[in-house]
1. Arranged from highest to lowest average of other beta-carbon atoms within 10 Å per residue, in what order do the peptides A:93-104, A:114-125 appear?
2. Hey, which aspartates and glutamates would be in cross-link range of B:LYS416, C-alpha to C-alpha under 13 Å, not counting anything within fewer than 8 residues on its own chain?
3. Tell me which of B:THR160, B:LEU177, B:PHE258 sits at the most positive position along the dipole axis of the protein assembly as shown, charges placed on C-beta atoms (Lys, Arg +1; Asp, Glu -1).
4. As a quick test, which of the pairs A:LYS52/B:LYS170; B:LYS82/B:LYS206; B:LYS206/B:LYS276; B:LYS63/B:LYS250; B:LYS82/B:LYS279 have an alpha carbon distance above 27 angstrom in this structure?
5. Skipping prolines and chain starts, which residues have an amide H placed within reach, meaning under 5 Å, of the one on B:LEU37, given they are 5 or more residues away or on another chain?
6. Per-residue mean of other chain beta-carbon atoms within 10 angstrom of the beta-carbon, peptide B:230-237?
7. Just report the Cα centroid separation between the stretch A:69-144 and the stretch B:255-293, whole Å.
8. Need the list of aspartates and glutamates near A:LYS217 for cross-linking: C-alpha distance under 15 angstrom, and skip anything on the same chain fewer than eight residues off.
Amino acid sequence: MSSRSLKAKLVASPYIVWSAIFIIAPLIFVAYYAFTDSSGAFTLENIFELSKYTTTFLRSVWFGIVATIICLIIAFPLAYFISQKTEKVQRTLVLLVMLPMWMSFLIRTYSWMALLQDTGIINSFLMKIGIDPVHMINTEGAVILGMVYNFLPFMITPIYSVMAKLDHSMIEACQDLGGNRLTCVRRCIIPMSMPGVVSGITMVFVPSVSTFYISQKLGGGSFDLIGDVIERQFQQSYNYNLGASISFVLMILILICMAVMNRFTGDEEMAI
Amino acid sequence: MKKILAAFTALLIVAFSVFCANAASSDDIEALSGTTLYVYNWGEYISDGADGTLDVNKAFEEKYGIDVVYDTFDNNEAMYSKIKSGGVSYDIVIPSEYMIQRMIVEGMLEKLDYSNIPNFDKYIPEKYRNPSYDPKNEYSVPYTVGMVGLIYNSAIVDGTPDSWSALWDKQYKGQILMFNNPRDAFGIAQNLLGMDYNTESVMSWKLAAELLKEQKQVAPVYVNDEIFLKMESGEAALGAYYAGDFLTMKDNNPDLEFVYPKEGTNYFVDAICVLKGSKNKLAAELYINFLLEPDVALANAEYICYASPHSGVYTNPDYSFYGNEILYPEDGKFKTQSYLNLSPDTLELMSSLWDDVKNYNVDEGGSNYDFFFADGSLGGADASAALTPEGSRYLVYIIIFAVICFSYVAFRYIRKKIREKA
């Protein structure tokens, strides 16, 4: 028993060392900077200063929620569609979902700028077929589009991997008991794929709330998301303390959101 | 006779050793072969061998056998943060003047040994020596110089703008590009207000911030190097940027024109410095000297398209920008100012005001430009005060969303209870 647990510890040790150096230590640094001033003395001023960024916080959270909902609406049917295909087709389709991620995130976002702008590819096409051009770049919609586009694979992949392993006898049982298609989806498939949905929501919501590049390129830089403010404190203002305190509060906010959601979905699974 | 010879030999040895102490001997230089030099420069800021140009770093490696590790940054502040945080050690950096001054003040730079940089005396003319940011010219060797101007698309803009106020023109709403960094953005507002860039007056900075907030009425797009895409594609009407980069853009869109506004503009110098603690200082000085070789300086000037302070470049009739009026205007033809280092308090004020400007919403804040003239106080509708209307809108959305989620959970819970009872 004890040798077994020793072995287990040995196997886990690379990960423990890794997380100590790259996860725990940075978190301690963030907390340290958040509660000190530039001379290293304890202060709460950084936290009080945050009230200035209330609007930015709320905007980021709201954009994150919208992007996550849109991703979920697109990804759920798509993942179901993929999981119903033969194995060979499934592999190709999953590859296609992942394909854009072979290119840098920055380049993909930059390309959206060229697509969406007033003289861009989409509007040139619209004008050619006689439709009035639509102003898309530098709007909130463009930023949310950028988030959905960039983070959609993070929603599709976990949902798909749960759905691919669904127990088909359950669905058959549902059909045998006289459930129509809709009932089967609602009472059987959705509850069973909930674990995938939960991790998908986490993987889309967290990066959406904290993103900074997308809003600068597609939003024209005229409104900030909280990630932009943090980036500016570190890159331009050299104000590590304020930057760390914003990050600290953002982390807590995200943790609260996740905790609430986990409760919500835990309840869901019980309610099958 | 023997004595005289001995004395002469001794003299020679002394002279030689003195010479050695002053300038690096070829032995010293040979000993550097196989060492590594770490260079930190702006992006796209050295001739890199593309399209048959000279690959400067490779040429240096071949000449001296010193490996060059070359990294780039895209703004002074990011460079400063990276070096200040201590995670990196570079030998050479090429920041702009105000940042050099700050780094001198904070003791981050090493004094140069000009006996190892003989090309400085040969090629850098008097007017580029002893600049205000480095009054005794101990720390820096100028690399490029230039000015900021107004770029406009003549296919969109009527007439010839001659003032920075064109960037506040409502006619071009949504088509105006502004610097996405506080120093340059404030610089433009300060030009319009006739202020000193380096003022330490809180009132002046707040006034400039109000002007930048007022600019939000024309929905400016804040850009860095996206300006190339946006100007060249004809997406934007007006923007402020560096003269050298305009020449690059003009190649791709001939409709673009350039003007130095009458209120005056920013004159900048990017200069080569050696960082304190450099482990390979002699190699760094060799590198600086190498960059000042006429053919290397010319290759860089052609590649970067910025004006060169190197007399071997701008007097060379074969140089493609020889006598170019945009890059090399007559001295004193345009009013210019340069950025200097600001005190920590002013820097903090500027960052904080810049955050306010970026988050200012013109539709909801009203015109507080009039307001602050009326009562003399500043920051009437200060974004920092409380929740802005925009913020409350998002808050309402989030609350509605939370309520929907909560009622759904509650509904399921109650239904479950009812079923359990049944």
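1. Numbers: A:93-104: 12.4, A:114-125: 17.2.
For the peptides A:93-104, A:114-125, the packing ranking is A:114-125, A:93-104.
2. Result set, ordered by chain and number: A:ASP267, A:GLU268, A:GLU269.
3. Sorting the options by dipole projection puts first B:LEU177.
4. Details: A:LYS52/B:LYS170 29 Å; B:LYS82/B:LYS206 29 Å; B:LYS206/B:LYS276 36 Å; B:LYS63/B:LYS250 36 Å; B:LYS82/B:LYS279 18 Å.
Pairs exceeding 27 Å: A:LYS52/B:LYS170; B:LYS82/B:LYS206; B:LYS206/B:LYS276; B:LYS63/B:LYS250.
5. B:ASP67, B:VAL68, B:VAL69
6. On the way: counts 7, 0, 0, 6, 3, 8, 3, 0.
Across the residues of B:230-237, the mean count of other-chain Cβ atoms within 10 Å is 3.
7. Computed from Cα coordinates, the inter-centre distance equals 42 Å.
8. Straight-line reach from A:LYS217, under 15 Å: A:ASP118, A:GLU140, A:ASP228, A:GLU231, B:ASP225, B:GLU226, B:GLU235.
Values in this text are rule-based calculations from the coordinates and carry no lab data. These figures come from a predicted structure and were not determined experimentally. So basically every Cβ, Gly included, is an ideal-geometry build from the backbone, and we count neighbours across all protein chains shown.
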